[in-house]
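Peer 1: One structure coming up, written as structure tokens, with questions to follow.
All of the numbers you see were taken from the coordinates with simple rules; none came from a lab. This is a predicted model, so every value here is computed, not measured. Every residue, glycine as well, gets a Cβ built from its backbone with ideal geometry; the counts of neighbours run over all protein chains shown.
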Number of protein chains: 2
Amino acid sequence: MVTRKDVALKAGVSPSTVSRVINNNGYVAFEARKRIEAAIAELNYIPNRAAQNLRTKSYRQIACISPAISNSFFAEMFMGIEEMAIELGYSLSLYNITNRKQNYLKQVLEGPYDGMILLASHELIMIKELLESMQKVPLSIYWDRIEKINIPREAGLPHVYIDLQKVMRQSVEYLIANGHNEILFLGHYYSKERNSNSRYMGYEMAMKEHHLPIKDYYRIFIEMYEDKLSTGYEAIKMLLDKGQHFTAVAASNDLLAAGAIRAIIESGKKVPEDISVIGVDNIELAKIVTPTLTTMNIPKREIGRMLVQQLMDQIHNENTIEQSIEVEVMLKERESVKNLVI
Amino acid sequence: MVTRKDVALKAGVSPSTVSRVINNNGYVAFEARKRIEAAIAELNYIPNRAAQNLRTKSYRQIACISPAISNSFFAEMFMGIEEMAIELGYSLSLYNITNRKQNYLKQVLEGPYDGMILLASHELIMIKELLESMQKVPLSIYWDRIEKINIPREAGLPHVYIDLQKVMRQSVEYLIANGHNEILFLGHYYSKERNSNSRYMGYEMAMKEHHLPIKDYYRIFIEMYEDKLSTGYEAIKMLLDKGQHFTAVAASNDLLAAGAIRAIIESGKKVPEDISVIGVDNIELAKIVTPTLTTMNIPKREIGRMLVQQLMDQIHNENTIEQSIEVEVMLKERESVKNLVI
DNA sequence: AAATAATATGGTTACGTGACCACATTATTT
DNA sequence: AAATAATGTGGTCACGTAACCATATTATTT
């Protein structure tokens, strides 16, 4: 292994001077610098990362704990994270929390990381366990139900979040503004309490504010299974077969919206001419389906970048850490919603 | 920071004995072990990873360089990689090679990794550069056009691959076995030379062997753009509008197949009753579309695991390294192909 | 009972680096 | 010309750990 010493010997200087060149601090004569750089290139010297880490007490690495990265929502968020991290000279380890025995957490905590980013899925228990087992590790969280985290932690719990209720409300209001009044809610089923489902709450608020009735069959809650991706296709299909009437579907994510579109087209109706569909997330799929999907764009990349920034503020002990950053969601208009007003 | 020394002091032993407990080697009295474990728990001691790395000259980390992980094909492969790595006590850094300035490579090479896994995209130039700039870093590659890599490297270039020509041939032969003889090839356009496109070659071989004609409009090559995901939707749509006849589409990947299905359904025909469609890859999308997509299953998770195994063989200096591992691809039957024979 | 083996423990050392200090040498100011 | 500042360089040390060796104690064999 080539070490700093070898470079120093070859360049005819002391190891200290080599360090000065590598870290670009202190005084180094022009000639000496040239010799050292030549020696580094010739010997193909790469500073030993372990020694640097030990000496500087920093790893220049962060860990990201995420639900299955095959979920493109998190994949896109991860890309924002990685991009920002690289820009700041950090690299990124990725841990997928899926069906894994719990003790993987130990491995993460013992790992060579300066901080952690957590993309939370719905397993609150896991998050709780996670937070309890670590003390003062710099941590930033993305979770769309952040209000549910209720764990005391001296330093607080910095997070970046979106207000899903608000998002869903905007989505439904957009449909209403376009003249729709028979609007279906198509969402996932999280718990028995309907009012714990912030997405549904957003839908309900928008409907009530505009004095629109919510018929029973307007409310479609799809069960979530571990492995099976349910798209709501069957549910919408069944509704249409029964001849139920509605002019628009407000889906709580794009996958459900895509399922709805397929069901509608297959039953001989047209999107958006007969029925409009709107989603939430703006994943790649939204650009691929036909018609392309109008949806609420969650700026995943941007959220990823913000998480890194927030984490760095903690690592570098900035005293102006924003504990709670809300990200605004904007409508992305495409083809799947028809304006009935004009 | 709590160090081994603190634990030793608390437990009334020497640091050496603490190390023996942590690494679980050498003799330790039962009583002493108990005291040490208690001290570790009480002090919340975590061994300093940097010091361990420096002392053992290993990082217990590997880097994975991949095209955009938002591509679910690579995401699923990554999940196999990560799963296997974790099982073996390694963690994984992920680098996305997308539109990034070239010098990110330096960062990877200077990183704390025992080895690297490369999921190759189509940028041969990048791979070349990569391989030239590193010497004896343990490395395993997934690339479906591995035969094109032609860079001398003392230790060879261990890789896991699939024979795309064979895969496409199997795919077309399955259609033929189901009574189809007017089969469209729907693939991407890689270079001017048609015979450098191994997927097309597989299609051509199958057709010729069964003495089936390949009409001009059977050959559809879609351009690949950096950002725009093209699905072949427009191409198939145009073909159908012209009234061209065919009974099946053999797409070179699932995304193209999904695009074909949408185009067919939209023009009023049914899949698979009127036209059958088969894909390659078996990404999540294949289970989501309607009808569900029959496709050639590329065992992405398994490939990921094999890459890690192959890398570990290099890291641990196994002398029985399989340089070139071909992975067999199997048909995954779903709903999008109709049997015309029965 | 003596010799050997197994068990148990502490001390020393080196891994490769960055920070710091001491000390030259040269350039600039008084 | 003397005093001060800026520039340049090497030596020492410690970061926290795992491997090794030496040695003490206990258990087993001869």
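Peer 1: If you count the DSSP beta bridges with both ends in the protein assembly as shown, what percent of them are antiparallel, to the nearest 5?
Peer 2: Working: 7 of 75 bridges.
Given both bridge residues lie in the protein assembly as shown, the antiparallel proportion sits at roughly 10 percent.
Peer 1: Within 10 Å of each candidate Cβ there may be at most 13 other Cβ atoms; applying that plus a DSSP loop requirement, which GluC sites (Glu not before Pro) in the stretch A:204-257 survive? Mind dumping the intermediate values first?
Peer 2: Working: sites: A:Glu204, A:Glu209, A:Glu223, A:Glu226, A:Glu234; in loops: A:Glu223, A:Glu226.
Listed in order of number, the matching sites are A:Glu223, A:Glu226.
Peer 1: Shortest first and in nm to one decimal, what separations exist between B:Gly268 and its copies in the other chains, measuring from label points 7 Å along the Cα-to-beta-carbon line?
Peer 2: Spacings between copies for this position, smallest first, are 1.4 nm.
Peer 1: Give A:Lys287/B:Lys215; A:Lys57/B:Lys57; A:Lys57/A:Lys136; A:Lys208/A:Lys237; A:Lys5/A:Lys34 a once-over and call out the pairs whose C-alpha atoms are over 21 Å from each other.
Peer 2: Among A:Lys287/B:Lys215; A:Lys57/B:Lys57; A:Lys57/A:Lys136; A:Lys208/A:Lys237; A:Lys5/A:Lys34, the Cα-Cα distance tops 21 Å for A:Lys287/B:Lys215; A:Lys208/A:Lys237.
Peer 1: Can you give the log10 of the normalised intensity I(q)/I(0) at q = 0.18, 0.34 Å⁻¹, computed with Debye over equal Cα scatterers of the stretch B:4-47?
Peer 2: For the stretch B:4-47 at q = 0.18, 0.34 Å⁻¹, log10 I(q)/I(0) is -0.38, -1.43.
Peer 1: Taking the label point 7 Å from Cα in the Cβ direction, how far apart in nm is B:Asp241 from each other copy of itself, listed shortest first?
Peer 2: 3.4
Peer 1: Measure of size requested: the Rg and Dmax of chain B, with Cα atoms as the atom set and Å as the unit; please supply both.
Peer 2: 26.0, 87
Peer 1: Further, regarding this structure: Ignoring chymotrypsin sites (Phe, Trp or Tyr not before Pro) that are buried or in helix or strand per DSSP, and keeping those with at most 10 other beta carbon atoms within 10 Å, what is the longest stretch of chain A between them? All intermediate terms of the calculation are to be shown ahead of the outcome.
Peer 2: Values: sites that count: A:Tyr27, A:Tyr225.
Of all site-free stretches, the longest is A:28-224.
Peer 1: Exposure proxy check: A:Leu340, B:Leu119 ranked by fewest other beta carbons within 10 Å?
Peer 2: Exposure proxy ranking, most exposed first: A:Leu340, B:Leu119.
Peer 1: Label position 7 Å from Cα toward Cβ: report the copy-to-copy distances for B:Lys287 in nm, one decimal, ordered from shortest.
Peer 2: 2.5
Peer 1: Moving on to the next point. Using the alpha-carbon centroid of each, what span in Å lies between the stretch B:251-280 and the stretch A:68-100?
Peer 2: Comparing the Cα centres of the stretch B:251-280 and the stretch A:68-100, I get a distance of 33 Å.
Peer 1: Let me ask something else about it. Where the convex hull is taken over the Cα atoms of the stretch A:164-297, what is its projected area averaged over directions, in nm²? Please report the intermediate quantities before stating the final value.
Peer 2: Values: hull surface 30.6 nm².
Averaged projected hull area, Cα only: 7.7 nm².
Peer 1: Let me make sure I get this right: for the protein assembly as shown, a, b and c are the square roots of the gyration tensor eigenvalues over alpha carbons, sorted descending. Under 1.5 in a/c it's rounded, otherwise prolate if a/b > b/c, else oblate. Which is it? Don't skip to the answer; put the middle values down first.
Peer 2: Values: a/c = 2.12, a/b = 1.36, b/c = 1.55.
In terms of gyration-tensor shape, oblate.
Peer 1: The stretch A:239-342: Rg/Rh from Cα coordinates, Kirkwood Rh?
Peer 2: We get a ratio of 1.19 for the stretch A:239-342.
Peer 1: Sticking with this structure for a sec: At 27 Å minimum axial length over the Cα atoms and a Kyte-Doolittle cut of 1.0, report the qualifying DSSP H helices in chain A, or say none.
Peer 2: Membrane-span-like by this rule: not one helix.
Peer 1: While we're here: For the stretch A:1-97, run through the trypsin sites (Lys or Arg not before Pro) and keep only the ones in DSSP coil with at most 14 other Cβ atoms within 10 Å of their Cβ. Mind showing how you got there, number by number?
Peer 2: Details: sites: A:Arg4, A:Lys5, A:Lys10, A:Arg20, A:Arg33, A:Lys34, A:Arg35, A:Arg49, A:Arg55, A:Lys57, A:Arg60; in loops: A:Lys57, A:Arg60.
The qualifying sites are A:Lys57.
Peer 1: Sequence neighbours fewer than 8 away in the same chain don't count; with that in mind, list the aspartates and glutamates whose C-alpha is under 13 Å from A:Lys338.
Peer 2: A:Glu273, A:Asp274
Peer 1: Further question on the same structure: Within straight cross-link reach of A:Lys269, meaning Cα distance under 19 Å, which aspartates and glutamates are found once same-chain residues fewer than 8 apart are removed?
Peer 2: A:Glu182, A:Glu234, A:Asp241, A:Glu335, B:Glu266
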